[in-house]
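Below is one structure; the comments refer to it alone.
The values are calculated or read from the model by the stated rules, or taken from the named source; none is laboratory data. Since we're looking at a predicted model, the values are computed, not measured. Using ideal geometry, Cβ is built from the backbone for each residue, glycine included, and neighbour counts are taken over all protein chains shown. Heavy atoms of the whole protein, side chains included, go into the accessibility calculation; ligands, DNA and RNA do not. Shrake-Rupley method; radii C 1.70, N 1.55, O 1.52, S 1.80 Å.
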Amino acid sequence: MEPFSEELLPFVIAGFFIAFVLAFGVGANDVANSFGTSVGSGVLTLRKACLLATVFEVLGAILIGYKVSDTVRKGILDVSLYNNTEKELMLGSLAALGGSAIWNLVATFFKLPISGTHTIVGATVGFSLCARGFDGVNWTTFGKIVGSWFISPVLSGVMSGVIYLLLNHFILKKEKPLEPGLKALPFIYGLTLLVNVFSVVHDGPRMLHFDVIPWWGAVITSLGVGVLTSLFVQCIIVPRQRKAIESDLAKAACKQDHEVKFTFESADNSRSPTPPGQELSVIEKGVSPTTYTFNSSATETNGYIPAETKGNLLGNGLNNTCPSSQSLGITHNSSQVPLVNANQVKIVSMDELTDKKEAETDRPEVKRLFSFLQILTATFGSFAHGGNDVSNAIGPLIALWAIYTEGSVAQSSPTPIYILLYGGIGISVGLWVWGRRVIQTIGEDLTKVTASSGFTIEIGSAFTVLLASKAGLPISTTHCKVGSVVFVGWAKSSRQGVDWGLFRNIVIAWVVTVPLTAGISALLMLILQIAFL
């Protein structure tokens, strides 16, 4: 057909609209892969996570998104079968966009993290089956994608789980984790930067001429960045972190000592007779007292919380001999202020606190050490996600645009940057409007995530995605992240630390993604063929 044919223009306009809806769905569902654990651990607020994701998703889409988009629009099916039937291939691209968009929105509504890669692959296979039968699909590529359902979560989960167990043994379980944590900090930062820099530089963005750098050049560059980062952290960051954390711990200990002293003085004063006309406390009325636990963070109740929530006491770095680590039998008076009776003291030992609660909380110094590391790895993950998954949203749109501008199914022109930017904006809008749903599933509902466990989840899944991409394995970032969350949750708090019912629902959603999107896309293709061919 002639380039810029007016007959094809309505399909291009419809493609831009549907692609934005699909990008919205990908942003609402898939961006949780990058920042879900950071929000779940409390390291980032949802607003800050959305701001960082917006910047780095768009940057990733512009700088490295072209490579994956070529695979999405030309690697899954044989476009040569559509020679002289350009209009039919454009209708197929519309059907693929529509089928993928519908399932992304439905899955996000039910808070189920699915693979954006698998939705567009399934939708592409669906319309091709309808248009050309079994001959139009590259079944070898499709088989690899099906195999990745099982490879991705297991490989990523094992890697993250091993990293967590090492971290737990050498740092987290130590009586004083600050010093071993500070010693490991330069190595951890250096390794994190090394991995992420290599993933960007090796066969990287054409716009920055990274594609001409040989593999050994990428190795040298990433090693250099890793070593320089380690030296910088050792000389600058470690001393500052030590000083800041020790100051915070000293202030917290001083505050706790002061509050405990005030509490026991109040207990002595409570023995005095009740002034005339004042309402008797529940203790003096003969009512059984409620057991409370002291926690300095509970400022609204003068540092006391019901013993049922005593898990909040964990991680304060105090030993069992400290008065503030004991529970006191107290009750509320009529003004709802805790009143201690010296004859009503009940000790609740630290041994009674459950392992699950212990695993759910990082000690203050541990959280301080790993918070920025988790943000750093999540930011790199967001950049990589923008480069990979924006193509899932706009791959068929680029095919539509190429056919329209070239008048041929060959699609030889490079991916336009403005379409990549368009997809990045759509992803960001979806994240802001609806992203909190799947972020809650990844970061909170599957297992309790802390700064330390969140870091191991991020770095383990990043390792897996990097290794698999360099080996040519088409794996899913969603599957990797969910696998890491489940394995780390299991490693740090046994089987009870993971919501296995939710995980089962997620796996079911993964299994039905390809056949369901294929069916929807095939149905849409049939309707479009009847209407326009």
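Taking the listed residues TRP500, TRP432, TRP510, the one that is within 20 Å of the chain's Cα centre (by Cα), farther than 30 Å from ALA14 by Cα and aromatic (Phe, Trp, Tyr) is TRP500, with no other qualifying. From ILE76, ILE102, which residue is modelled with pLDDT of 80 or more and β-branched (Val, Ile, Thr)? Going through ILE76, ILE102 in turn, just one is modelled with pLDDT of 80 or more and β-branched (Val, Ile, Thr): ILE102. The set of residues in segment 460-489 that are of a type in the set (Gly, Ala, Ser) and either at pLDDT 85 or above or buried (at least 24 other Cβ atoms within 10 Å of the Cβ) (or both) comprises GLY460, SER461, ALA462, SER476, GLY483, SER484, GLY489. Does ILE530 count as within 15 Å of VAL154 (Cα to Cα) and either basic (Lys, Arg) or in a helix (DSSP H, G or I) (or both)? Against the criterion (within 15 Å of VAL154 (Cα to Cα) and either basic (Lys, Arg) or in a helix (DSSP H, G or I) (or both)), ILE530 does not qualify. Of the residues making up segment 508-533, those that are among the small types (Gly, Ala, Ser) and touching a residue at least 24 places away in the same chain (Cβ under 8 Å) are ALA509, ALA518, GLY519, SER521, ALA522.
Of the numbered criteria (1) polar (S, T, N, Q); (2) over 23 Å from SER199 (Cβ atoms); (3) part of a helix (DSSP H, G or I); (4) open to solvent by 10 Å² or more (accessible area, probe 1.4 Å), the one THR441 fails is (4). When segment 17-41 is filtered for residues that are touching a residue at least 24 places away in the same chain (Cβ under 8 Å) and open to solvent by 50 Å² or more (accessible area, probe 1.4 Å), only PHE20 remains. Based on this model, can you work out whether ILE508 counts as surrounded by fewer than 19 Cβ atoms within 10 Å (Cβ to Cβ) and either modelled with pLDDT under 90 or among the β-branched types (Val, Ile, Thr) (or both)? Considered against the rule, which asks whether it is surrounded by fewer than 19 Cβ atoms within 10 Å (Cβ to Cβ) and either modelled with pLDDT under 90 or among the β-branched types (Val, Ile, Thr) (or both), ILE508 comes out as yes.
Before we move on, is TYR82 touching a helix residue (DSSP H, G or I) at 6+ places or on another chain (Cβ under 9 Å), open to solvent by less than 20 Å² (accessible area, probe 1.4 Å) and modelled with pLDDT under 85? Judged against the criteria, TYR82 is a match. Looking only at segment 444-454, residues that are under 11 Å from the mean Cα position of the chain (by Cα) and surrounded by 24 or more Cβ atoms within 10 Å (Cβ to Cβ) come to 2 in all. Any idea which residue in segment 207-229 is nearest to LEU185 (Cα to Cα), counting only those that are open to solvent by 60 Å² or more (accessible area, probe 1.4 Å) and at pLDDT below 90? In this case the residue turns out to be TRP215. Among the residues of segment 338-383, those identified as at pLDDT below 55, open to solvent by 30 Å² or more (accessible area, probe 1.4 Å) and within 24 Å of LYS173 (Cα to Cα) are SER349, MET350, ASP351, GLU352, THR354, ASP355, LYS356, LYS357, GLU358. Count of segment 403-422 residues, restricted to those that are open to solvent by 10 Å² or more (accessible area, probe 1.4 Å), touching a residue at least 12 places away in the same chain (Cβ under 8 Å) and part of a helix (DSSP H, G or I), is 6. Residues considered: ILE151, ILE145, ILE171. Of these, the only one that is among the β-branched types (Val, Ile, Thr), at pLDDT 85 or above and either over 30 Å from PRO3 (Cα atoms) or open to solvent by less than 10 Å² (accessible area, probe 1.4 Å) (or both) is ILE171. When ILE425, ILE457 are checked against the criterion of being closer than 27 Å to THR45 by Cβ, out of contact with any Gly (no Cβ under 8 Å at 6 or more places or on another chain) and open to solvent by 20 Å² or more (accessible area, probe 1.4 Å), ILE425 stands alone in meeting it. Just the residues that are of a type in the set (A, V, I, L, M, F, W, C) and open to solvent by 10 Å² or more (accessible area, probe 1.4 Å), please, taken from segment 42-57. If the condition is that a residue be of a type in the set (A, V, I, L, M, F, W, C) and open to solvent by 10 Å² or more (accessible area, probe 1.4 Å), then VAL43, LEU44, LEU46, LEU51, LEU52, VAL55, PHE56 are the ones that fit.
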